[in-house]
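Working notes, beginning with the structure itself.
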Amino acid sequence: MFSRSSKYAIKGVLYLALHASVENKIQAKDLSAPINAPAPYIAKLLQELARHNMVSSVKGPHGGFYLDEVNLQMNIMQIIEIIDGEDKFRSCLLSLEQCNSENPCPLHNLVGDQKLGVIHNLENTTIKELVADVKQGNSILPL
């Protein structure tokens with residue numbers, strides 16, 4: 001359901017939220033192994049997220065990426081929309097341009113409500129909430 005890019009971006013953001021801070025920034029090359037993503041690829045994703053203020057970054061020899069309190073309040077859907085575009089996740093599962101509730105594709109009514117529920121949950125779950133779940137042992141993030 002998620003693109004590889006979105007998966008890498010979400011894992012990268014969660015890793016930063018758990019392990020980085022303004023005092024302890026993490027460079028993209030050091031994030032590559034823990035989230036199992038190619039270094040140039042994760043660097044590009046993080047730069048795009050930084051351009052949209054989803055993550056914070058500092059350039060230079062002591063630079064890197066981290067999340068501040070504002071970043072932690074962002075929701076998960078924002079990451080997906082920045083990486084994949086606003087329409088990709090909301091588009092037809094069969095990629096039919098004319099698919100909608102008035103003119104549904106064969107899968108539309110089968111998964112439409114569940115898809116809307118997933119979108120709602122992603123829009124209403126912050127990075128901070130997911131990190132709290134990991135810290136409390138309610139979910140895992142093997143990093």
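The values are calculated or read from the model by the stated rules, or taken from the named source; none is laboratory data. Note that the coordinates shown come from a computational prediction; the quantities given were computed from them, not determined experimentally. Using ideal geometry, Cβ is built from the backbone for each residue, glycine included, and neighbour counts are taken over all protein chains shown.
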Would you say M1 is loosely packed, with under 13 Cβ neighbours inside 10 Å, in contact (Cβ under 8 Å) with a residue 40 or more places away in the chain and in contact with a helix residue (DSSP H, G or I) (Cβ under 8 Å, 6 or more places away or on another chain)? yes
Go through region 38-59 residue by residue and tally those that are surrounded by fewer than 15 Cβ atoms within 10 Å (Cβ to Cβ) and either in contact with a Phe, Trp or Tyr (Cβ under 6 Å, 6 or more places away or on another chain) or under 15 Å from N24 (Cβ atoms) (or both). 1
If C99 satisfies every condition in (1) assigned to a loop (DSSP other than H, G, I, E, B); (2) within 22 Å of V134 (Cα to Cα); (3) without any contact (Cβ under 8 Å) to a residue 12 or more places away in the chain but one, which is the exception? (2)
Where residues in region 80-117 are among the β-branched types (V, I, T) and surrounded by 14 or more Cβ atoms within 10 Å (Cβ to Cβ), which of them is nearest to A43 (Cα to Cα)? I83
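Please tell me if E86 is of a type in the set (D, E), out of contact with any strand residue (DSSP E or B) (no Cβ under 7 Å at 6 or more places or on another chain), part of a helix (DSSP H, G or I) and on the phi < 0 side of the Ramachandran plot. Working first, answer last.
Numbers: of a type in the set (D, E): yes; out of contact with any strand residue (DSSP E or B) (no Cβ under 7 Å at 6 or more places or on another chain): yes; part of a helix (DSSP H, G or I): no; on the phi < 0 side of the Ramachandran plot: yes.
Here the answer is no, as E86 does not meet what is asked.
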Looking at L31, L45, which one is aliphatic (A, V, I, L, M), closer than 20 Å to K88 by Cα and in a helix (DSSP H, G or I)? L45
Applying the selection to region 8-28, what residues are modelled with pLDDT of 95 or more, assigned to a helix (DSSP H, G or I) and not hydroxyl-bearing (S, T, Y)? A9, I10, K11, G12, V13, L14, L16, A17, L18, H19
Single match in M77, M54 (criterion: within 24 Å of M1 (Cβ to Cβ) and in a helix (DSSP H, G or I)): M77
Within region 20-31, track down each residue that is within 19 Å of V131 (Cα to Cα) and surrounded by 15 or more Cβ atoms within 10 Å (Cβ to Cβ). A20, K25, I26, L31
Conditions (1) charged (D, E, K, R); (2) over 22 Å from N121 (Cα atoms); (3) at pLDDT 95 or above; (4) more than 16 Å from the chain's Cα centre (by Cα) -> R51 fails only (4)
Number of the condition not met by A17 [criteria: (1) surrounded by 18 or more Cβ atoms within 10 Å (Cβ to Cβ); (2) of a type in the set (G, A, S); (3) touching a residue at least 24 places away in the same chain (Cβ under 8 Å); (4) farther than 26 Å from G117 by Cα]: (4)
Could you list all residues from region 54-73 that are polar (S, T, N, Q) and either closer than 17 Å to V131 by Cβ or within 14 Å of the chain's Cα centre (by Cα) (or both)? S56, N71, Q73
Residue list for region 102-143, filter: of a type in the set (A, V, I, L, M, F, W, C) and in contact (Cβ under 8 Å) with a residue 40 or more places away in the chain: V118, I119, L122, I127, L130, V131, V134, L141, L143
